[in-house]
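Presented below is the structure to which this report refers.
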Amino acid sequence: MSTVTTIRTRLGPKPGFRPVTPERRRRRRVQLAWALLVMNVLTFFPDSVQLIPLPGMVGKLIAQGSLPLAALVALSVNRPARVRPSVFIFLSSLLVTEAAIASLRSEFLFSALYRSTRLFLFVAVLWLLTPWWTRKDLLLVRTHLIVLWFIVGSVVLGFLIAPGMAMPEGRLVGTIWPIPPTQAAHYAAVAAGLTGVLWMAGLLKRWVALTSVAAAIPVLLLTHTRTALVALLAGFLIAGLSLFTARSRARRSFAIAIGVFSVGALTAGSLVTTWLARGQDEDQVAALTGRRFVWDAILAQPRTVWETLLGFGLSNKSFNGLPIDSNWLGTYYDVGLLGVAICVAMVLFVFVGAWFTPQGPRRALALFLVAYCVVASFTESGLSEASPYLLELTLAASLVYSRPPQEGAE
């Protein structure tokens, strides 16, 4: 045995063997911390259909427990704790402070303070991950995309195992982990958009891009979620235009898209109209599936000066038992006009940063993410709480960071 070991030592490692270096270990822990953040915002819905029934307490414990675990992993890789100065994360911290102050006067004090604490810890982990914002290999973007592939893959797998269970009321849902159709559409749309932008920028192989899009787009269409589809198209258009003069792939993609759109408009116009209507009449579509009634009620609610400026404290984004389904009205209800102003500043900061970022993949990816979040924010909520939208807007902010890209954390 000693002779064999000696011979192997002299010959060196086996072909294809990659030693686990300290840098690889750090990178894996950063990826694990980001994946745990995604797990934390992957809300568990105990009343949804499930192939493997989990008790509600267990599912919530998995989702909520991933946040403190992400904090521990981030602290283990960032020792001693060092952060990069960031206007975006500073604004997020202001939002945390404002939410905590507003929650002190909330009618539901315990739940509001719990949500404020969760948002504080969420933003703290984002602070700890700032040293990895400037990597040339786009570590956080690739990690986010890999996690999205797993989520979309679980939705597809659930559909293949039990198609009837996965399509209640004619809309695709996640059944392995309970994911409502709107969230499944969100994950599929962002996965498809990031994949398309990376491919146009020459950073992703064709077969990987085709496989990802071939899985994500059907999921998006089967969820019958209009917001995610419109946000995807808007974000991809803006990102593609930013690469139009620099990448031939972007120009070819636009030519193909125009051809497909023209043929589709002529041959499948009625089918598209039926899909968009989703079985609703004109009054339901005009009322945005009942959202306008909730929005009008929020705006008509009597408020004191304090409640107008600071809101009623963080809630579950519902009003009188009905979902608010609007980031801006949900933010206004929870943290008032001051919270809305902070959210607007966060979005504008990323847009302005992207404007001054040199043309290339980082700028295109940031534009896709921020455009998607802005379009979706009108009928989805999340920028003022720990959510996929805040996580993806942070990802966009990391791409427009002004410091020169570095290979790893300093």
- Message: Could you work out how much longer the chain between R82 and T308 gets when fully extended? Use 0.36 nm per residue separation minus the Cα distance between them, nm to one decimal.
- Response: 77.7 nm
- Item | Helix-derived mean residue ellipticity, 222 nm - over the chain, DSSP H n ≥ 4, -39500 (n - 2.57), to 500 | -22500 deg cm²/dmol
- Pair R25, Q64: separation of 7 Å Cα→Cβ label points (nm): 3.4 nm
- Item | At most 16 other Cβ within 10 Å, DSSP loop - chymotrypsin sites (Phe, Trp or Tyr not before Pro), segment 106-136 | F108
- Query: In sequence order, what are the phi-derived ³J(HN,Hα) couplings for segment 99-111 according to the Karplus relation 6.51 cos²θ - 1.76 cosθ + 1.60 with θ = phi - 60°, rounded to whole Hz, with x for glycine and proline?
  - Reply: 5, 5, 5, 5, 5, 5, 10, 6, 5, 10, 4, 5, 5
- Query: Spin-label point model (7 Å from Cα, Cβ direction): what's the F356 to Q301 distance in nm?
  - Reply: 3.8 nm
- Note on the structure: The FRET efficiency for L72 and R206, from their Cβ-Cβ distance with R0 = 51 Å and rounded to 0.05, is 0.85
- Filter the chymotrypsin sites (Phe, Trp or Tyr not before Pro) in segment 318-409 down to the DSSP loop ones having no more than 13 other Cβ atoms within 10 Å, then list what survives. F356
- Pick out which of R171, R24, R249 has the largest mean-square fluctuation in a Gaussian network model of the chain, springs linking Cα atoms closer than 10 Å. R24
- Message: Using Cα-Cα distances under 8 Å and only pairs 6 or more residues apart, what relative contact order does the chain have, in percent?
- Response: 21 percent
- So how far apart, in nm, are the two label points at L322 and F150 if each is 7 Å from Cα heading toward Cβ? 3.8 nm
- Task: For a quick protection proxy, order the peptides 178-186, 87-95 by their average other-Cβ count within 10 Å, most packed first.
- Result: 178-186, 87-95
- Query: How much length is gained if the chain between V344 and K136 is pulled fully straight, taking 0.36 nm per residue apart and subtracting their Cα-Cα distance, in nm to one decimal?
  - Reply: 72.0 nm
- Sorted by chain and number, the residues with a modelled amide H under 5 Å from that of G174, at a separation of 5 or more or across chains, are I179
- Message: Two decimals, Cα atoms only, Kirkwood Rh: what is Rg/Rh over the chain?
- Response: 0.99
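The numbers here are math on the coordinates, done by the rules we state, and not lab data. What you see is a predicted model; the values in this text were computed from it and never measured. All Cβ positions, glycine included, derive from the backbone under ideal geometry; neighbour counts span all protein chains shown.
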